[in-house]
1. Out of all the residues in region 167-189, which are closer than 22 Å to residue 106 by Cβ and β-branched (Val, Ile, Thr)?
2. Counting residues that are among the charged types (D, E, K, R), more than 15 Å from the ligand (Cβ to nearest atom) and within 30 Å of residue 150 (Cα to Cα), which strands (runs of 3 or more DSSP E) fully inside region 1-116 reach at least 1?
3. If you check residue 238 against the conditions, is it within 13 Å of the ligand (Cβ to nearest atom), at positive phi and part of a loop (DSSP other than H, G, I, E, B)?
Amino acid sequence: MVVDKKSNLNTPLHVAVIMDGNGRWATSRGLQRLIGHRRGVDRVRDVVRVCPDYGVKYLTLFAFSTENWKRSEEEVVGLMRLFKRYIQAEATKLMADKVRVRFIGDRTRLDKDLRDLMLALEQQTAENDHLHMTVAINYGGRDELKRATQAIARQVQAGTLDPSEIDEVTISQNLDTSFLPDPDLVIRTSGEFRTSNFLPWQSTYSEYAFVQEEWPDFTPGIFARVLEDVSSRERRFGRVAAQ
Ligand code: FPP
């Protein structure tokens, strides 16, 4: 099913996704957790493919949180390898589909090979405009706010910013997401009702959709259903309903 952007003004322009449930999907089938993550990459490909048809211009994916380092070394190493492989394997297709890719999160803890691949993909896709895909790796909302606060404090210390000038725009501009509009919709898969430190500043007025399916089972059809459901909601941003 295709959600026609032109026929519904409320179709979310920026969709952010907490891709949860890969591990459970795998273990409930007697498979290793990494198999679930691999299946999750296939779903990333599907969602990226259909976003332009569904009127979604910005897609932001939570791939690895600042808390995910606490997982087993095998899983962490496997996930990092998966990110590298995705970048290497997908670059040509992303260019053909005119997808611009950017990464958010603290890169300093990532290994140099991965950081180099991330930067090269950002540079290679910088002129693309069909879909803006942002991947959060070693991302945590509180960590992002901490780093933004440090950056603002440095500007004050350098004398280039007066504390009285700090407003909401200053904060937004110092976040990793400074180049993005706020998400209209945050989707979380696998039936969990938590936001888990994902875009806390940016999602203040976002709609949320919690779906039962685990991420490896998240099909374009489910995506279309969620978008249709959300399109019918009225977003008021603190105002009263339109008469
Ligand atoms: C959450 O499921 C998922 C992750 C921590 C990893 C998400 C990564 C991918 C889908 C792969 C690659 C992504 C890109 C953009 C290339 P979980 O492991 O927390 O599942 P569980 O709650 O069932 O344990």
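FYI, it's all coordinate maths here, none of it is from the lab. Since this is a predicted model, take the numbers as computed values, not measurements. Because the Cβ atoms are built from the backbone with ideal geometry, glycine has one as well, and the counts that use them run over all protein chains shown.
1. 170, 171, 177, 186
2. Working: elements: 14-18, 58-65, 99-104.
Qualifying strands (runs of 3 or more DSSP E): none found.
3. On the way: within 13 Å of the ligand (Cβ to nearest atom): no; at positive phi: yes; part of a loop (DSSP other than H, G, I, E, B): yes.
No.
Quick grid of which residues meet (1) in contact (Cβ under 8 Å) with a residue 60 or more places away in the chain; (2) surrounded by fewer than 13 Cβ atoms within 10 Å (Cβ to Cβ):
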| residue | (1), (2) |
| --- | --- |
| 152 | no, no |
| 159 | no, yes |
| 195 | yes, no |
| 212 | no, yes |
| 220 | yes, no |
| 228 | yes, no |
